[in-house]
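Down below is the structure, laid out as structure tokens.
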Amino acid sequence: MHTLDAAMEVPYFRKTLLVEDQGLTRQAMKTLLVQCDPRLEIDEARDFDSATALLAARQYDLMFLDYQLGAGNSGLDVLRWIAEHEIPVQVVMLSGQDDRDTVMECIRAGASGFISKASEDGDATFRAALNTILAGQIYLPNSALGKGGFSPQAPKRSTFGGVALSPRLTETLGYICQGLSNKAIARKMGVSDNTIKEYSGDLLEKFGVRRRTELIVEMARRGLVIPRN
């Protein structure tokens, strides 16, 4: 059984929402999550209505969200609802489609991670992805990362891969990874929208990227831990 490092006293995530319309798949994933970290508090939802009801009633640190939910709604609809209600939660998408266009569509909508259900390695890849995410890092399939792909490594908790960040930039980065808009981040931090635009621009420049989506991809490629707010 693969578990997080026993020396990790405080879990990065505690409250988790698992949204999957197939009952057997949902239970199998819940079992894997518990094996990876028994300390997780896991709620379950099977569709858009049950997911949004739980999100409105309780604050979650992490959500695993199926791309295809059936019943006329998709995981993208849930992401749009989260954005509309400015809910800070790190969302990891689950899908059998793992082409770059699909992955980037999810990131643009607010996701900060993506696990493919179509991996040929099956359970081993899923466990590696879960352990990476539960350590506070961003996991994306190689289709999104491009040349070189991703190799799990020890989390880089303080240096941001050599990128120096002020406390305010660090806080902004954490909220960006939760999918919040500039306006929502400004309200969270008690500053103007223009200030957050400046912070976001500084982050893009420091990481050598042009867009938020590319920032998420770059953090995954470098194996960086998401700042906690």
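Residues in the range 83-103 that are more than 13 Å from the chain's Cα centre (by Cα) and in contact (Cβ under 8 Å) with a residue 60 or more places away in the chain: 2 in all. For the range 172-229, a residue qualifies if it is open to solvent by 30 Å² or more (accessible area, probe 1.4 Å), farther than 25 Å from Ala135 by Cβ and of a type in the set (Gly, Ala, Ser), and the qualifying residues are Ser181, Gly190, Ser192, Gly201. Does Lys188 satisfy being of a type in the set (Lys, Arg) and either under 22 Å from Glu105 (Cβ atoms) or without any contact (Cβ under 8 Å) to a residue 60 or more places away in the chain (or both)? No: the conditions fail for Lys188. Within the range 117-134, residues that are of a type in the set (D, E, K, R) sit with their Cβ atoms under 7 Å from residues that are modelled with pLDDT under 90 and open to solvent by 30 Å² or more (accessible area, probe 1.4 Å), at 6+ positions apart or across chains, in these pairs: Lys117/Gly96; Arg127/His2. Put simply, of Leu79, Leu94 the only residue that is at pLDDT 95 or above and not acidic (Asp, Glu) is Leu79.
The values are calculated or read from the model by the stated rules, or taken from the named source; none is laboratory data. Predicted model, so just to flag it, every value in this text is computed and none were measured. Neighbour counts are summed over all protein chains in view; Cβ atoms, including those assigned to glycine, are modelled from backbone coordinates with ideal geometry. Each accessible area value is taken on the protein alone, full model and side chains, heavy atoms only, with ligands, DNA and RNA left out. Shrake-Rupley method; radii C 1.70, N 1.55, O 1.52, S 1.80 Å.
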